[in-house]
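I have placed the structure first, in the form of structure tokens, so that the comments after it can refer back to it.
The values are calculated or read from the model by the stated rules, or taken from the named source; none is laboratory data. What you see is a predicted model; the values in this text were computed from it and never measured. Neighbour counts are summed over all protein chains in view; Cβ atoms, including those assigned to glycine, are modelled from backbone coordinates with ideal geometry. In case anyone asks, the SASA skips ligands and DNA or RNA and just uses the protein heavy atoms, side chains included. Shrake-Rupley method; radii C 1.70, N 1.55, O 1.52, S 1.80 Å.
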Amino acid sequence: MAGVVFQRFLADEAATASLGEDLAMALRPGDVLALKGDLGAGKSTLARALIRALADDETLDVPSPTFTLVQSYNTRVPVHHFDLYRLSSPGEIDELGFDDALVQGAALVEWPERAEAYLPETSVLIELVHDGDSRLARLSGQGAGFERAARSLAMRDFLHRAGWGKAQRRHFVGDASARSYEIVSLAGFPPRVLMNSPRLVLGPPVRDGRPYAEIAHSAQSVSAFVAIDRALRAAGVSVPEIHAEDLDQGFLLLEHLGSEGFLGDQDQPVAERYAAAAELLAMMHGKAWPQRIEAAPGVFHDVPPFDRDAMMIEADLLVDWYVPMLTGSPASKALRAGYNREWNAVLDRLDGREYTLMLRDFHSPNIIWRGERSGHDRLGVVDFQDALIGPSAYDVASLAMDARVTISSEIESQTLNAYIAARHAAGAFDEDAFVETYAIMAAQRNSKILGIFVRLEKRDGKPYYLKHLPRIRDYLRRALAHPALKGLHDFYVAHDLMEERSP
């Protein structure tokens, strides 16, 4: 457990509990926290706070495992609390199911010196020592678990600088990226959202010496979020107010826009909400948007274009990941060549079409419904850091063919019609060109998503994304039915790319 060492001064029991909460926010399955300290040093306080934070239950009974040797908790990340004091030999840790515990979740280990050779090299050691009437925590370790713990403590320091150092932290949501979000609560204030957005790791070159994220124009730092947030707020879109920021580390303290999701009580699409979101897009698409936005004094974000390279590398995810899942082998050179030929012919049709600020993931997970408000303020919008300058139809397709919920063709048509009516009401609008662009963007987006959802399962170990594949295939069939996409449609049919198959 050698490696980096740093210290935290713990003035009182509340500070010790706060450290436990901070460590809980960083915990992932497979992590081991090794807890050392003399009697009265605060091990029980830290362990109790950590487990209660994972359970989001301040009253949870957390007994000492002194006699049971291990206590298990079915929390957000399952955690197994070991006390090794009574072990007669280090090897007995195997009899306690230690390895199985790490497959299922994380381990919190008291008296780790009794089995230190059996603990993973990546264990995080937390040593609590008396410092007068206070305590000192020494943390040491190496690897991803330690880095997450260190980052979580840096987030607490950020909260201190923002005047929210005593706030309670609870997991809120994560997404398919490295970003994560917490709800932080402080007496006397509405809850806020703590955003953890580490700088993007670009990955290896995949085409022309450039990594995928660079070609697809994924946001590389939190400055993109801040810049787009400020532009949207100035235009009257309800996005989170930024209460505090650390652009270098990627931390933001944000307004909490509300708790009601965009879907109905049974997670079903509500046609009126989708129409309202379409009308919000129509308002946005009637505005001129800057391509260079100041995120902070002297820090500018240039909004990238949704150019041909970006469109194609996204569409290519279908042949990179989805086709191998279907066939059991990589896509052939002939299939790739035909796929690229047909897609380039379709994308040629975008020349001269309307381009605007494109939020890129404008769908139910990123929209908050605030029914007590009126007009566009009913819709709170989040997760827009990857915004580009691209076809206005893209976000309409993202909304009307929501990747996370089944949208019937009727609700899709109502959503599309609400957008078109709002654009006509605002002035001149080329409806035919828009509808064709909508079909192209819907086909591009859903082809990309088929590949991404398979990649999340194969590469990232997230199999639950595969349940969405039948829905995405249905959306793809709808999009490719447009006459302008006949060549692409015929290619997909010839290669069975829209057929229902089990992964």
Protection-proxy order for peptides 487-497, 309-319, 435-445, 88-98, each taking the mean of Cβ atoms within 10 Å per residue, highest first:
435-445, 309-319, 487-497, 88-98
ARG404-ARG349 pseudo-label distance in nm [points 7 Å out on the Cα-to-Cβ vector]:
3.0
Would you grab the residues whose amide H sits under 5 Å from the one on THR356? Only those 5+ places off in sequence or on another chain, please, with H modelled 1.01 Å from N.
GLY390, SER392
Express the accessible area of the chain per residue in Å², computed with a 1.4 Å probe while the remaining protein chains stay in the model.
43
Specify the inter-centroid distance of the stretch 140-180 and the stretch 309-336, based on alpha-carbon positions, in whole Å.
37
The size of the Cβ-based charge dipole (Lys, Arg +1; Asp, Glu -1) of the chain about the Cα centre, to the nearest 20 debye, is 600
Out of TYR339, ALA231, MET25 - ranked by how far each Cα lies towards the positive end of the dipole of the chain, with unit charges on the beta-carbon of charged residues - the top one is TYR339
For LYS462, enumerate residues with amide H under 5 Å from its amide H, sequence gap 5+ or separate chain, H modeled in the peptide plane.
GLU457
Whole-Hz Karplus couplings 3J(HN,Hα) for the stretch 350-362, θ = phi - 60° and coefficients 6.51, -1.76, 1.60, Gly and Pro as x, run 7, 4, x, 7, 6, 10, 7, 6, 10, 6, 5, 10, 8
How many percent of the accessible area of the stretch 364-502 is carbon or sulfur, using a 1.4 Å probe?
50
How large a share of the accessible area of the stretch 283-344, in percent, is made up of carbon and sulfur atoms when the probe is 1.4 Å and the other protein chains stay in place?
54
Considering only C-alpha atoms, what is the centroid distance from the stretch 381-423 to the stretch 32-96, in Å?
48
Beyond a 24 Å Cα-Cα separation, which of these cross-linked pairs lie in this structure: LYS43/LYS166; LYS287/LYS448; LYS448/LYS486; LYS333/LYS486; LYS333/LYS458?
LYS287/LYS448
If a helix is a whole DSSP H run, which ones in the chain reach 27 Å or further along their own axis (Cα) and hold a mean Kyte-Doolittle hydropathy of at least -0.5?
431-458
How would LYS462, LYS486, LYS43 line up by accessible area, probe 1.4 Å, largest first?
LYS486, LYS462, LYS43
How high is the relative contact order of the chain, in percent, with contacts defined as C-alpha pairs under 8 Å that are six or more residues apart?
12
Just checking my list (i) -0.57, -0.73, -0.89, -1.16; (ii) -0.46, -0.59, -0.73, -1.01; (iii) -0.41, -0.54, -0.68, -1.01 against log10 I(q)/I(0) by the Debye sum over Cα atoms at q = 0.07, 0.08, 0.09, 0.11 Å⁻¹ computed from this structure; which label fits?
(ii)
Can you compute the helix-only [θ] at 222 nm over the chain? Use -39500 (n - 2.57) per DSSP H run of at least 4 residues, normalise by all residues, nearest 500 deg cm²/dmol.
-11500 deg cm²/dmol
For the stretch 137-219, give the percent of accessible area contributed by carbon and sulfur heavy atoms, probe 1.4 Å, rounded to a whole number.
57
Could you list which residues have their amide H under 5 Å from that of HIS243, counting only those 5 or more apart in sequence or on another chain, with H placed in the peptide plane?
LEU253, LEU254, GLU255
Using alpha carbon centers only, the stretch 220-270 is separated from the stretch 424-485 by a whole-angstrom value of 24
Listed highest first by mean packing, meaning other Cβ atoms within 10 Å per residue, what order do 181-193, 222-234 come in?
222-234, 181-193
Remind me, relative contact order of the stretch 149-261 in percent, using alpha carbon pairs under 8 angstrom and six or more residues apart?
22
Let me know the shape class of the stretch 183-240, please: from the alpha-carbon gyration tensor, a ≥ b ≥ c as square roots of the eigenvalues, rounded when a/c is under 1.5, otherwise prolate if a/b is greater than b/c, or oblate.
oblate
